[in-house]
Amino acid sequence: MEPRVTLITLGVADLARAVAFYRDVVGWEPASVVEDDVAFFDLDGFILALWRERSLAADVGAPRAERGSFEAVALAYNARSHDEVDTIFASLGERGARIVKPPADTDWGGYSGYFVDPDGHHWEVAWNPFWPIREDGRIDYPKD
C-alpha cells in the first residue's frame, strides 16, 4: 500500500445532526449527502465521511458499539500557530461545541486542546512548532 489516507469514516447516530455540527460549528461544507445515510466532506487531501452507525456496523459486520465508550481514537487538526489554536477554540465555543480539554501547553513543546462532536468523536486542535504547516496546508514533517 502507498503511504496515504484517503477516507476517514465516523459512525454517527443522527446524520442530520452530525452534518449540521460539521457545517455550522466546525465550518466545513458537505460535498454530498447520499440518501440520508452518508455525507462526505472534501478536506483537501482526504475525505471525511459521516455514516449512520447502523449502516457502518452492518458494512463492517460488527455489532453496534455502546454509546459513550471511548474508542481510543482521536482525529487532529494542526494549526499554523499557538494563537490560531485559541482562535479556533473561541469560534468552536461560540458555536456550541463541547470543549473537553481547553488548549494548554503540552509536555512535548506544543499547544493543544480537544473538542467532541455530537457522537463523541474526539478532535484535537494543536500547534506543533516542530511540524510547520506549509502554504499548501500540508505538514512539513521532519524526516530523519
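The values are calculated or read from the model by the stated rules, or taken from the named source; none is laboratory data. The structure displayed is predicted, hence computed values, not measured ones. Here the Cβ is made from the backbone with ideal geometry for all residues, glycine too, and neighbour counts use every protein chain on show.
Only one of Ser69, Ser91 is at pLDDT below 90 and among the polar types (S, T, N, Q); which?
Matching residue, one of Ser69, Ser91: Ser69.
Condition (residue is touching a strand residue (DSSP E or B) at 6+ places or on another chain (Cβ under 8 Å) and of a type in the set (Phe, Trp, Tyr)) applied to the stretch 128-140: is it met by at least one residue?
Yes, that holds for at least one residue.
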